[in-house]
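Worksheet: one structure, shown below.
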Amino acid sequence: LIYDSFAHYLVTEKGYDEDLLILAPDSLDFCCKGLVLDIEEGNFLKLAEDGTVLRASHGTKSMTFEEILENYGRREWKHFNTVSGMVSRTAKYYLYDNYFDLPGALLCARVVDSLDQHDGQRKYDFWKDMVAAIQHNYKISAFKENCGMYFPEVKNHPDKYLQKCPESVKKWLKQLKNAGKILLLITSSHSDYCRLLCEHVLGNDFEEYFDILITNALKPGFFSHTPNQRPFRTLENDEEQEALLSLDKPGWYSQGNAIQLYDLLKKMTGKLDPKVVYFGDSMHSDIFPARHYSNWETVFILEELLGDKGTGPAKAESEPLEKKGKYEGDQLKVPYFVSKQWGSFFMDRLPGPENAEETLVHTWSCKCISTYSTIAIPSLEAIADLPLDYRFTRFSSNGPATAGYYPSPPRALLPNDDSVTMK
């Protein structure tokens, strides 16, 4: 749906090739989290932890070792220092780090293929049109106005796109609340779309699960901006009202910043430095900023732990595809299975000439996980049945690279690919 809604806009509004509208099921193999789009060159890169290019494609076409060498050499990619310091995005590159963004990577790659075929371009300027497509489909008023393809379709067929929250997770949320924890929901989605999702996923009483709901949080800015730059606002009928000078009580708010939220948490808990554990699935919007700016504990939801055979709950392996609900028919693979084109999310071989000795290295994505997250789990379901005082082994700079993965590390990180389950 995300792919179709962007492609439709590019074709109808910006005059791109109609071929973009046709999506071959096997082309989704291109979608792999952790890729960086080098916008001006039209190249996608998979980076090692030191910034060396491990694999690359021009558009959808994989580049050979020689082509990578010619374009990028055997040194770190020129923007690596900027991107790795802030896990950032700029006008020159875009980091694809969550499933919501990922279909856009395939579309951009196909746009590059199409432009090469018709214009033989060397520098690319399609990015402004992609941004316009994102704006058109996701702008704050789109849900209410029924504009774009995305929101109207999700409104009309929520069952097709949304999975109900497992009972174990709902029970866990209630347990946390009963144990005196303050529960927060912080999302960049606007309140109307958030309500549709939560009612469908958690039930009509979803607000009872949370003490504080913050929508249109505009992460990562929520963590990095000051109260002046990004004040909280109240909502009336999903319309944002005047800015608040401070956050005084729990409730539902829009926009805002982590500084004033933390002040409210101090007030509610009566503690000088209340501990916050923040769960998220985007390194760029959730995990990095929550750790870097707010020094919160971070739990990274990493579905790639399921795609790595031999890890994760057995149930996830045996569940029939039609129950997973994300893809129709059996021709589409689950998004977190290992991409044939890009290989493991966690490790890869350093490219070399045909007969060179191969070196295995961690990917930059993998390095970010152990640097910025406290632990990484495949889903909330994986921890929902544990006692609330269960002690997890954390990632640490002096511990093994596999320490913080629960229930078990990805096989790619284990010696000889042996699967080990940590009890």
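Distance between the 7 Å Cα→Cβ label points at D263 and V201: 3.0 nm.
Filter K14/K139; K78/K139; K144/K219; K61/K219; K177/K271 down to the pairs with a C-alpha to C-alpha distance above 26 Å, please. From the list (K14/K139; K78/K139; K144/K219; K61/K219; K177/K271), the Cα-Cα distance tops 26 Å for K78/K139; K61/K219.
For the peptides 267-279, 75-87, residues were scored by their other Cβ atoms within 10 Å and the scores averaged per peptide; the highest-first order is 75-87, 267-279. Computed over protein heavy atoms with a 1.4 Å probe, the accessible surface of region 23-130 works out to 42 Å² per residue. Accessible area per residue was computed with a 1.4 Å probe on protein heavy atoms; E208 scores about 130 Å². H79 to N178: FRET efficiency via 1/(1 + (r/R0)^6), r the Cβ-Cβ distance, R0 35 Å, to the nearest 0.05? That pair, H79 with N178, gives E of 0.15.
Calculated FRET efficiency, S396 to M86, Cβ-Cβ distance, R0 = 22 Å: about 0.45 to the nearest 0.05. Here the chain is assigned +1 on the Cβ of each Lys and Arg and -1 on the Cβ of each Asp and Glu. Its dipole about the Cα centre then comes out at about 1440 debye.
Here the accessible area is traced with a 1.4 Å probe on the protein chains. For region 1-155, carbon and sulfur cover 52 percent of it. Heavy-atom accessible area with a 1.4 Å probe sorts L185, L54, largest first, into L185, L54. Gaussian network model of the chain, Cα springs within a sub-10 Å range: biggest mean-square fluctuation belongs to which of A132, A290, A24? Residue with maximal mean-square fluctuation among A132, A290, A24: A24.
With all protein chains kept in place, the per residue accessible area of region 162-275 amounts to 52 square angstrom at a probe of 1.4 angstrom. So what's the net charge close to L20: Lys and Arg +1, Asp and Glu -1, counting the other residues with Cβ under 11 Å from its Cβ? Neighbourhood net charge equals -3. Taking the accessible area of region 162-275, probe 1.4 Å, and keeping the other protein chains in place, the carbon and sulfur fraction comes to 50%. Relative contact order of the chain, taken over Cα pairs closer than 8 Å and 6 or more residues apart, is 15 percent. Spin-label model, E18/H157: points 7 Å from Cα along the beta carbon direction are separated by 2.2 nm. Look at the dipole of region 15-140 built from charges on Cβ: of G104, G59, N81, the Cα furthest out on the positive end belongs to N81. Helices meeting the span-like rule in the chain (full DSSP H runs, Cα extent of at least 20 Å along the helix axis, mean Kyte-Doolittle score of 0.5 or higher) are absent.
The values are calculated or read from the model by the stated rules, or taken from the named source; none is laboratory data. Everything quoted here is computed from the prediction, not taken from an experiment. When we count neighbours, we look across all protein chains shown, and the Cβ atoms used for this are built from the backbone with ideal geometry, even at glycine. Just the protein is used for accessible areas: all its heavy atoms, side chains included, with ligands, DNA and RNA removed. Shrake-Rupley method; radii C 1.70, N 1.55, O 1.52, S 1.80 Å.
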